[in-house]
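Some notes on the structure that comes next.
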Amino acid sequence: MPPPFVPAAPRAPGPPEKPRGPTSLTARRRRCYNPGRTQPSSASARGPAGGCGRPGSPHGRGQPPARPGRALPRPACGNLPPDAGETPPTLERKDGKELRTGFSTGTAATAAAVAAALTLAGGKPPALVEVKLPKGRTLEVPVAECSLSGGKATCVVVKDAGDDPDVTNRARVGASASRSGEPGLALTGGRGVGRVTKPGLAIPPGEWAINPVPRSMLKENLAPFLPECGPGLAVEIFIEDGEALAGSTLNPRLGIVGGLSVLGTTGLVRPFSNAAYIATIDSALSIARAAGLSECVLTTGGRSEGLARLERPDLPEEAFVMTADFFAGGLKLAAKRGFSTVGLAVFFGKAVKQAAGHPYTHAHKTDLDLGPLAGWLPGLPEGVKERILASNTALAALEVLKAEGLERLVPEVASRALASARGFAGPGPSLWMRLFDFDGSVLAFETLAGENGKEGG
């Protein structure tokens with residue numbers, strides 16, 4: 001079993017820290033909570049958590065709990081210890097700076113539930129709880145607040161998404177726990193947690209939007225409390241302001257209403273996680289197929305999607321899937337899901353990168369190279385090629401073509417982008433592209449038949 005992962009607080013450069021000695025790991029484990037004890041020694045040593053504020057300063061091991069009225073310290077998560085036979089994950093970097101890993105909504109909910117169960121069992125609210133993550137890892141999570149009233153314990157954890165630009169960062173995720181006469185764990189959602197209304201997701205319609213891995217984490221981490229609180233334990237997960245926050249996510253599109261989803265597959269949040277976005281794309285495509293659709297439209301953002309919906313009013317909302325910069329990823333998933341027709345709605349700059357065959361088109365990964373563009377357009381008048389090459393943006397290059405009355409050459413970009421799309425999607429689906437100008441007008445509309453012999457769009 002790998003050693004526990006404990007957040008370490010960043011500190012200013014100073015003299016080397018004295019070695020902790022061989023007993024440091026044992027001492028650290030002694031501080032971890034034992035769910036089987038009525039009054040965990042860790043909670044007694046640290047005292048009850050105070051303060052209802054949002055997280056502020058970095059949190060390190062051994063730091064005292066927040067005083068009432070003060071913000072709870074915030075953990076600074078770093079790299080994880082590798083599992084046996086597994087390549088250790090590394091943090092992504094930005095401008096040479098290492099980015100912090102955070103923890104998922106599922107981990108926050110589990111930590112809040114463990115804190116509530118501890119409070120219910122022992123009456124003393126903990127300042128810090130240990131959560132078992134998938135793959136045998138553990139994580140110590142600070143608790144923002146706890147209360148016990150009328151046989152119900154309620155605790156709140158402030159989610160720390162690290163350096164990931166997550167709308168749920170610093171969301172207050174809570175859990176209420178009470179004893180139940182029914183054996184086992186009864187898990188429900190409360191305010192701010194969404195409900196699934198459409199088929200195609202991992203959770204069936206009508207259920208609370210608590211995904212399978214967080215459900216498993218809750219069951220595993222709460223199982224030791226059942227003998228103490230038994231025969232059963234009723235736990236309700238809630239997210240403060242969850243319904244308002246959900247408006248900034250894809251939940252409404254996915255048919256998750258009333259709040260946020262409780263997510264997570266590893267328990268952790270990697271900064272700028274491509275895998276998380278790809279999973280969201282796949283979920284949206286799954287819902288579209290479950291709705292009986294055979295055609296989908298992949299868009300690069302909100303504006304391109306809005307224009308595509310105006311062009312295709314015959315398609316329902318579920319048909320439009322925002323894939324952002326994941327050109328290859330979106331096409332591969334759409335083909336895998338069995339769509340017979342896949343449309344692309346893009347602006348000129350993205351289309352140039354797609355035409356060049358780039359699988360991922362974000363500026364921090366793929367520079368805009370206008371050299372190929374100048375070579376794709378036959379019959380350019382003298383000097384125009386040089387002006388295109390001298391342009392510093394796709395918009396500037398497009399303005400050069402407009403000034404020369406050469407908009408008729410733009411469909412060549414769309415045709416080449418569809419050829420690249422064919423390479424990623426395979427031979428099956430028919431493809432079409434609407435290439436939009438920055439003013440919203442259609443610069444080009446191109447189609448490419450697939451094995452089913454039909455052209456869409």
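Where a number appears in this text, it was derived from the coordinates with a stated rule and is not lab data. Since we're looking at a predicted model, the values are computed, not measured. All Cβ positions, even for glycine, are placed from backbone atoms using ideal geometry, and neighbour counts span all protein chains on display.
The ranking of Asp166, Asp369 by Cβ neighbour count inside 10 Å, starting from the fewest, reads Asp369, Asp166. By the count of other C-beta atoms within 10 Å, a proxy for reagent exposure, Cys229, Cys146, Cys296 are ordered fewest to most as Cys229, Cys146, Cys296. About its Cα centre, the dipole of region 299-345 is roughly 200 debye, where the only charges are +1 on Lys and Arg Cβ and -1 on Asp and Glu Cβ.
With 28 Å as the limit, the listed pairs Lys132/Lys159; Lys350/Lys385; Lys135/Lys159; Lys159/Lys336; Lys353/Lys402; Lys132/Lys332 have Lys159/Lys336; Lys132/Lys332 beyond it between alpha carbons. Per-residue packing, averaged as other Cβ atoms within 10 Å, sorts the ranges 303-310, 194-201, 123-130 into the order 123-130, 194-201, 303-310, beginning with the highest. Each label was represented as a point 7 Å from its Cα along the Cα-to-Cβ direction; for Trp376 and Glu98 these points are 4.1 nm apart.
Packing order of peptides 219-227, 388-396, 108-116, highest average first: 108-116, 219-227, 388-396 (average count of other Cβ atoms within 10 Å over each peptide's residues).
With a Förster radius of 41 Å applied to the C-beta separation of Ser149 and Arg303, the computed FRET efficiency comes to 0.25. Taking Cβ atoms as reference points and 11 Å as the exclusive limit, the residues near Arg387 contribute a net charge of -3, counting Lys and Arg as +1 and Asp and Glu as -1. Pro204 sits among other residues whose Cβ lies under 12 Å from its own Cβ, and their net charge, with Lys and Arg +1 and Asp and Glu -1, is +1. The alpha carbon centroids of region 386-439 and region 324-345 are separated by 19 Å. The residues neighbouring Gly375, those whose beta-carbon lies less than 12 Å from its own, together hold a net charge of 0 under the Lys/Arg +1, Asp/Glu -1 convention. Among Asp241, Asp163, Asp437, the ranking by other beta carbons within 10 Å of each residue's beta carbon, starting with the fewest, stands as Asp241, Asp437, Asp163. Please work out the FRET efficiency for the pair Ser248 and Glu182, using the Cβ-Cβ distance as r and a Förster radius of 41 Å; give the result to the nearest 0.05. Efficiency, rounded to the nearest 0.05: 0.65.
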